[in-house]
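Asker: Okay, handing you the structure first.
A short reminder: the numbers here are calculations on the coordinates, not readings from a lab. Please read these numbers as outputs of a predicted model, since none were measured by experiment. Ideal geometry is used to build each Cβ from the backbone, glycine not excepted, and the neighbour counts take in all protein chains shown.
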There are 2 protein chains.
Amino acid sequence: MTNTTLKKISEVLGISISTVSRALKNHPDISTKTKQKVVELAQTLDYEPNANAVNLRTSNSKLFGVIVPSVSSYFYDSFIAALEEECRNNDYRLMILQSGDDPDIELNNVKLCRQNRVTGLFACLTPQTKDVHHFLKLNELNIPVVFFDKVPDIASCNKVCVADTDAASIAARAIRNKNKKNVLAIFGSKELSITKKRLEAFSKILNKNEVNFDLQFALNNDQAQKITEEALQKKNPPDTIFCMSDEILIGAMKAIQEANLSIPSEIGIIAISNGFFPKLYYPEITYVETSAYKLGKLAFTGMMACVAGTHFTQELTVQSLLIEGGSL
Amino acid sequence: MTNTTLKKISEVLGISISTVSRALKNHPDISTKTKQKVVELAQTLDYEPNANAVNLRTSNSKLFGVIVPSVSSYFYDSFIAALEEECRNNDYRLMILQSGDDPDIELNNVKLCRQNRVTGLFACLTPQTKDVHHFLKLNELNIPVVFFDKVPDIASCNKVCVADTDAASIAARAIRNKNKKNVLAIFGSKELSITKKRLEAFSKILNKNEVNFDLQFALNNDQAQKITEEALQKKNPPDTIFCMSDEILIGAMKAIQEANLSIPSEIGIIAISNGFFPKLYYPEITYVETSAYKLGKLAFTGMMACVAGTHFTQELTVQSLLIEGGSL
DNA sequence: AAGAACTCCGCAATCGTTTGCGGAATTGTT
DNA sequence: AACAATTCCGCAAACGATTGCGGAGTTCTT
């Protein structure tokens, strides 16, 4: 069987295509009887409008694109969930694209967005992305781009971020308040601006309070695990571990389990997290929430402002807050 | 600035639209010089073909849809990752849709797929889906549907599954081989056919070997945790815990950590899993792998067979295998 | 009763591509 | 030199919808 079209309906009913189209859209020009007939037939023939034809004609795709490194992450998936909710409520579709942290794929994804004439694009850069001109090209075409999480350094673009410095400060203060004296602080890649920001805020507070800390960097959970293992074997082991991200938390926790230390009596631990992984352990890990879900909501609000014409061209941030588990 | 079209290019160059179109597709009818001119201008004008127009004209969307309960899962995300890889290699796009386990949203997702004239659809049913006729409607329209993971009971459709019974059998045998005597077996929702299949195979083997086991059902990780907590407090606590899924594993592990039992000396644990969560713990959990990634690859192969005309209309399965951690 | 005002519908252009067909200009064949 | 074969390109029709405009028929006004 082939797809039902307006033409087919019009032929069966012996009326024009335009009338069918208007009838289905409940246009006032069409009589009630005609509308009934049309709607009924469309029903039985299982008519579904061809989205390609509609988009082509109206040049309004009602489609947003979103580029994330990977959907397999308990951060970006929350972000996407938030976007999807909003899209559903506002009658938009969402095209989800994964860059795999590969700039070439990222470039191709942007191309796909252009080819599909997205109304707007949410983008999280790969760590390797130096050149963002293909994104800025979209702005020339009046396609708003809202960057999130990993955003470009340039000022003239829309970005939404989690409050990185705040999150680190909150964690640092929590550590100080517990009178911890010897902290193992594990951060992510030195290259990332997010790392720099968090590190700066974190060390500022600990230094001011004369809390001693061992600064380490890990690119993945295995490295974090190794670092933690080694630290725990020192003669002067840390009394607290700070983890800049979920990935690092996972590695550190594995090492703690291996050393069979009990939390929080033998060692304390605190992380910056979206909230899923801290709840996996007993006791649940105390963490500073940087909510990807809220970030998604914020990004969408910003996007809608852009679409409505109110460009914001600025950095919006979602606040961080301390979620007390039992690990510190 | 507005989007570049074939028309614009043709006007600048003073040639016809058809020539531009053919030149960009490297058609033999077009002279080398013309091709050069066209390609060059298209480059500088940053031409991107309008996907809607192309799809409309060719009625070949080169687009697959995939409906999952949620991308936030270390099962479906692997599945999607596999699909995406294959799509990229075969020059297809993937439309990712989430049902949130809501049959209404599922229905709407199917509608979206139809409106966008997908070439084929990969679908995982919600547990509540009784009526699959909207899926079968797609087949009438010559749109192949490949069900995966949660598949309908009816025979006349294409399905790919993990080897449920095998996985459970392998786990049961592993338990027997370790001479375990008292097993706490936690399964998922009784309603799910996947639960029934796994349970049947599992109990068959343990019964045959006269291994005693306490059968429990948990709908989420919290319930699994409670169940485990209670079991551990009995005067005759289990020496082994079997977890039918990652979600259950998470709950059980939390309870074990709470009870401060060491693995595997004080208690053994084994799960059926896609492989991510077992590696989160120390020692790593022994599990039977039901690979979503392999499932995705298999589903894609099946889909391509359908698209090529070779309907398979049968159930394909990916094999399970035991991955030894240190938890049993 | 005759013009005004409505009701209701169809014509045809348009969105941006693709592609079968035909034809002018060039080249090759005897 | 006459004819055939190539080479290269344009015309125009589709794909399936939306929408401004105009017009036939009906009802309302005075």
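Asker: Which of B:Val151, B:Ser31, B:Leu192 sits closest to the plus end of the dipole of chain B, meaning its Cα is farthest towards the positive end, when Lys and Arg get +1 and Asp and Glu get -1 on the C-beta?
Answerer: In chain B, that residue is B:Ser31.
Asker: If the only charges are +1 at each Lys and Arg Cβ and -1 at each Asp and Glu Cβ, what is the size of the charge dipole of the range A:1-133 around the Cα centre, to the nearest 20 debye?
Answerer: Numbers: 15 positive and 15 negative charges, 184 e Å.
So the magnitude is around 880 debye.
Asker: Moving on to the next point. Pull up all non-local amide H partners of A:Phe213: gap of 5 or more, or a different chain, and H-to-H distance under 5 Å with H placed in the peptide plane.
Answerer: Amide H neighbours of A:Phe213: A:Val183.
Asker: While we're looking at this one, here's another question. Computed over the Cα atoms, what is the radius of gyration of the range B:21-93 divided by 2.2 N^0.38 Å, N being its residue count?
Answerer: 1.60
Asker: According to the square roots a ≥ b ≥ c of the eigenvalues of the Cα gyration tensor, what is the shape class of the protein assembly as shown, taking rounded for a/c under 1.5, prolate for a/b larger than b/c otherwise, and oblate for the remainder? Display every interim value, and only then the final one.
Answerer: Numbers: a/c = 2.23, a/b = 1.38, b/c = 1.62.
Since a/c reaches 1.5 but b/c is at least a/b, the shape of the protein assembly as shown is classed as oblate.
Asker: Taking a cut-off of 28 Å between Cα atoms, list the lysines near A:Lys235, but don't count ones fewer than 8 places away on the same chain.
Answerer: A:Lys178, A:Lys180, A:Lys181, A:Lys190, A:Lys204, A:Lys208, A:Lys226, A:Lys254
Asker: If you don't mind, another one. Starting from a Cα-only point model with no solvent, please compute log10 I(q)/I(0) by Debye for chain A at q = 0.14 1/Å.
Answerer: -1.04
Asker: Let me ask you something else. Per residue of B:253-260, what is the mean number of Cβ atoms on other protein chains within 10 angstrom of that residue's Cβ? Mind showing how you got there, number by number?
Answerer: Details: counts 3, 6, 1, 1, 7, 3, 1, 3.
Average neighbour count from other chains, rounded to a whole number: 3.
Asker: Same structure, new question: If I take every Cα pair under 8 Å that is 6 or more residues apart in the range B:164-289, average their sequence separation and divide by the length, what percent do I get for the relative contact order?
Answerer: Numbers: 223 pairs, mean separation 33.9, N = 126.
With pairs under 8 Å counted, the relative contact order is 27 percent.
Asker: At 7 angstrom along the Cα-to-beta-carbon line, where would the label on B:Asp104 sit relative to the other copies? Give the distances in nm, shortest first.
Answerer: Going from nearest to farthest copy, the values are 4.6 nm.
Asker: Determine the principal axes of the Cα atoms in the range B:164-289, then give the extent along each, sorted from largest to smallest and rounded to whole angstroms.
Answerer: Largest to smallest, the principal-axis extents are 32, 27, 23 Å.
Asker: A follow-up question, please. When the gyration tensor of the range A:278-324 is built from Cα positions, what are the square roots of 5 times its three eigenvalues, in whole Å, from largest to smallest? Walk me through the numbers on the way to the answer.
Answerer: On the way: eigenvalues 208, 19, 5 Å².
Output for the range A:278-324: semi-axes of 32, 10, 5 Å.
Asker: Report the label-to-label distance for A:Asp102 and A:Glu230 in nanometres (one decimal), using points 7 Å from each Cα along the Cα→Cβ vector.
Answerer: Those two pseudo-labels are separated by 3.2 nm.
Asker: Projecting each Cα onto the charge dipole of the range B:43-126 (Lys/Arg +1, Asp/Glu -1 at the beta carbon, about the Cα centre), which of B:Ser70, B:Leu94, B:Gly120 comes out farthest on the positive side?
Answerer: Sorting the options by dipole projection puts first B:Gly120.
Asker: Relative contact order of chain B: what whole-number percent is it, with Cα pairs under 8 angstrom and at least 6 residues apart?
Answerer: Answer for chain B is 16 percent.
Asker: Using a 10 Å cut-off on Cβ atoms, rank the peptides A:44-54, B:73-83, B:1-11 from the highest mean neighbour count down. The partial results should precede the final answer.
Answerer: On the way: A:44-54: 17.5, B:73-83: 22.5, B:1-11: 15.6.
Output ranking for A:44-54, B:73-83, B:1-11: B:73-83, A:44-54, B:1-11.
Asker: How far is the Cα center of the range A:103-168 from the Cα center of the range B:200-237, in Å?
Answerer: Answer, in whole Å: 49.
Asker: Around B:Val39, under 13 Å between beta carbons, what's the net of Lys plus Arg minus Asp minus Glu among the other residues?
Answerer: On the way: positive: B:Arg22, B:Lys25, B:Lys33, B:Lys35, B:Lys37; negative: B:Glu40, B:Asp46.
Combined, the nearby Lys, Arg, Asp and Glu give +3.
Asker: Averaged over A:171-181, how many beta carbons belonging to a partner chain fall within 10 Å of each residue's beta carbon?
Answerer: Details: counts 0, 0, 0, 0, 0, 0, 0, 0, 0, 0, 0.
Taking the mean over all residues of the peptide, I get 0.
Asker: Oh, and also: Under the rule of -39500 (n - 2.57) per DSSP H run of 4 or more residues, summed and divided by the residues of the protein assembly as shown, what mean residue ellipticity at 222 nm is obtained, to the nearest 500 deg cm²/dmol?
Answerer: On the way: 24 runs with 292 residues, N = 656.
The helix contribution divided over the protein assembly as shown gives -14000 deg cm²/dmol.
Asker: Then there's this: Reachable lysines from A:Lys7, Cα under 28 Å, same-chain residues fewer than 8 places away excluded?
Answerer: The qualifying lysines are A:Lys25, A:Lys33, A:Lys35, A:Lys37, A:Lys62, B:Lys7, B:Lys62, B:Lys111, B:Lys137.
Asker: List the relative contact order of the range B:60-113 as a percent without decimals, with contacts defined as Cα pairs under 8 Å and 6+ residues apart. Please report the intermediate quantities before stating the final value.
Answerer: On the way: 53 pairs, mean separation 25.4, N = 54.
Relative contact order comes out at 47 percent.
Asker: Right, next: Can you list the distances in nanometres, one decimal and ascending, from the A:Met304 label point to the identical position in each other copy, with the point 7 Å along Cα to Cβ?
Answerer: 4.2
Asker: Here's another thing I want to ask about it. Assign unit charges at the C-beta atoms only (+1 for Lys and Arg, -1 for Asp and Glu), then state the dipole size of chain B relative to its Cα centre in Debye, rounded to the nearest 20.
Answerer: Values: 36 positive and 36 negative charges, 187 e Å.
Computed about the Cα centre, the dipole is about 900 debye.
Asker: Work out how far the C-alpha atoms of the range A:6-49 reach from end to end along every principal axis, then list the three figures in whole Å, largest first.
Answerer: 23, 17, 16
Asker: By how many nm would the segment from B:Ser31 to B:Ala53 lengthen if fully extended, with 0.36 nm per residue of separation less the alpha-carbon distance?
Answerer: Values: separation 22, 0.36 × 22 = 7.92 nm, distance 2.57 nm.
Here the segment from B:Ser31 to B:Ala53 would lengthen by 5.4 nm.
Asker: Filter the trypsin sites (Lys or Arg not before Pro) in the range A:44-140 down to the DSSP loop ones having no more than 11 other Cβ atoms within 10 Å, then list what survives.
Answerer: On the way: sites: A:Arg57, A:Lys62, A:Arg88, A:Arg93, A:Lys111, A:Arg114, A:Arg117, A:Lys130, A:Lys137; in loops: A:Lys62, A:Arg117, A:Lys130.
Taking the range A:44-140 and a limit of 11 other Cβ atoms within 10 Å, the loop trypsin sites (Lys or Arg not before Pro) found are A:Lys130.
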